Amino acid sequence: MSARTVLIVGAGPTGLTLAAWLAHQGVHARIIDRTAEPGTTSRALAVQARTLELYLQLGITNTVLARGHKVPAVNLWVRGAHAARMPFEAIGAGLTRYPFLEIFPQDEHERLLLEHLAALGVRVERGTELKDFTDQGESIHARLLGPDGREETFEAAYLAGCDGARSLVRETLGTGFPGGTYRQVFYVADIDGGGPALDGELHIDLEEADFLAVFPLAGAGRARLIGTVRDERAEHPEQLRFEDVSARAMHNLKVRVERVNWFSTYRVHHRVTEHFGKGRAFLLGDAAHIHSPAGGQGMNTGIGDAVNLAWKLAAVLQGRAPPRLLDSYEAERIPFARRLVATTDRIFTFATAEGAIADFMRTRVAPLLMPRAVALAPVREFLFRTVSQITVNYRGSPLSAGAVGRVHGGDRLPWALAGGSDNYTALAAISWQVHVYGTAREALTLWCQKHGVPLHVFPFAPEHAAAGLTRDALYLLRPDTYLALAEASQDPAVLERYGSERALRLGAQGA
């Protein structure tokens, strides 16, 4: 059993997500974490629309929505006065089932994933540490130290390093971690309290060179404060208390603090490893890339890594794909990670830059122009597409082929709701599948039946055209719901060729 097991090191959201996706596909995973208990504090808050879409495959999207908080609007403050309000409830209307920003803190997120894994019969081995490992070519040999102090050597088919920014897996692979560290010190505090900024909306203070935001949490009077510390106090952040940094929040944003539930300080890095894998070991999440908190992208990107790798590991271990399929993990995920680090770096630099010009742009220009810009539908759509990660695509991947209209192989399947039929309902299954919007030809129907590939046919409607889908075209979807192939004809030979060229079995019976 162990030689066909995936050993996952690290039980944060990335590792837990990977374990869950593997379990749903019938792949055994052993997940270990050196900590004795799950985390009770966290920095990550946002669950983006793309993550909510992917969670349909686990069946936990509605639970995230029920336990989290939908952000109705973003508010800008300048010099203690409310300057602008930008409605945010349906900023991505027409693009996804989830056209909003969802707040669901990482610690609560992890508890949900742990509950889900427990229901699948998977548990995290706490207090268990990876000491070292070697790639033997046919398997991974890992030396583990258990909570009782005993060592064991475990043989696994593959190793997934989800062990954070100080990853032992990354250090062992020697893939480097180029980048840098921002000089600003961040503080984060979960509070109970009141005031105009604790109204369930997101509030950002644009005062001078520091950053300060009030993020709503589920439940009345609950919020998270995130801010920067710039003066001499930042020289010894470990000595800071909430009282040392809270004056500005209470004065500028009129926050009334009744209780501090958690307070911490930290520095932010921006780094991407040079490779996301080597041999039978892979890097995911913070072990592979870390960046500023701008845009709430970090946790969601790690989850995206896990979903991308999970179906490929399952296909290889179950003999439905050759090992070279795993090379596409790095090819698809590392370009996005690099773009993301560059983008969040620019945003963070703007938000924290010093000097008279930077202050003028933040306190005078931004409050004036941002609400007007967001009022424009094209700007609103661009912002949502970018932040929500629904524009993440793998067009350059060797697994992507074809294009019909503006939809290409490698794209996320465009979402459409037509006549009460939501095309994302079909995506709950973790499998290859074919979509046709219009009428499926008999030859395609017979091919799908013969090869065990689900075929979903949707009567063509204007909503499909508006989303970019073409009448009677063939769309082959990968198990992670990205388009593998977009083809104008419904010739089954195109599916045959796609599978044979990549040595992939697309269905239960193979293609």
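The values are calculated or read from the model by the stated rules, or taken from the named source; none is laboratory data. Note that the coordinates shown come from a computational prediction; the quantities given were computed from them, not determined experimentally. Counting neighbours? That spans all protein chains shown, and the Cβs are built from the backbone with ideal geometry, glycine included.
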Among VAL434, VAL387, VAL407, which is the only one that is within 28 Å of the chain's Cα centre (by Cα) and closer than 23 Å to MET299 by Cα?
-> VAL387
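How many of the residues making up segment 290-305 are out of contact with any Ser or Thr (no Cβ under 7 Å at 6 or more places or on another chain) and modelled with pLDDT of 85 or more?
4
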So, of the residues in segment 226-262 that are modelled with pLDDT of 75 or more and among the acidic types (Asp, Glu), which turns out to be surrounded by the fewest Cβ atoms within 10 Å (Cβ to Cβ)?
-> GLU238
In segment 479-498, is there at least one residue being part of a helix (DSSP H, G or I), surrounded by fewer than 20 Cβ atoms within 10 Å (Cβ to Cβ), under 31 Å from the mean Cα position of the chain (by Cα) and charged (D, E, K, R)?
-> no
Among the residues of segment 333-340, is there at least one that is modelled with pLDDT of 90 or more, surrounded by fewer than 21 Cβ atoms within 10 Å (Cβ to Cβ) and either of a type in the set (Ser, Thr, Tyr) or in contact with a Lys or Arg (Cβ under 9 Å, 6 or more places away or on another chain) (or both)?
-> no
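Which residue, of ALA440, ALA366, ALA351, is over 20 Å from the mean Cα position of the chain (by Cα) and either modelled with pLDDT of 90 or more or part of a strand (DSSP E or B) (or both)? Reasoning before the result, please.
Values: ALA366 fails: either modelled with pLDDT of 90 or more or part of a strand (DSSP E or B) (or both); ALA351 fails: either modelled with pLDDT of 90 or more or part of a strand (DSSP E or B) (or both).
Going through ALA440, ALA366, ALA351 in turn, just one is over 20 Å from the mean Cα position of the chain (by Cα) and either modelled with pLDDT of 90 or more or part of a strand (DSSP E or B) (or both): ALA440.
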Could you tell me whether any residue of segment 398-409 is touching a residue at least 40 places away in the same chain (Cβ under 8 Å), of a type outside the set (A, V, I, L, M, F, W, C), in contact with a Phe, Trp or Tyr (Cβ under 9 Å, 6 or more places away or on another chain) and part of a strand (DSSP E or B)?
-> no
Could you please give the count of residues in segment 386-417 that are modelled with pLDDT under 95 and small (Gly, Ala, Ser)?
-> 2
Among (1) touching a strand residue (DSSP E or B) at 6+ places or on another chain (Cβ under 8 Å); (2) assigned by TED's automatic domain parsing to the domain that holds TRP262; (3) not β-branched (Val, Ile, Thr), the one test that HIS109 misses | (2)
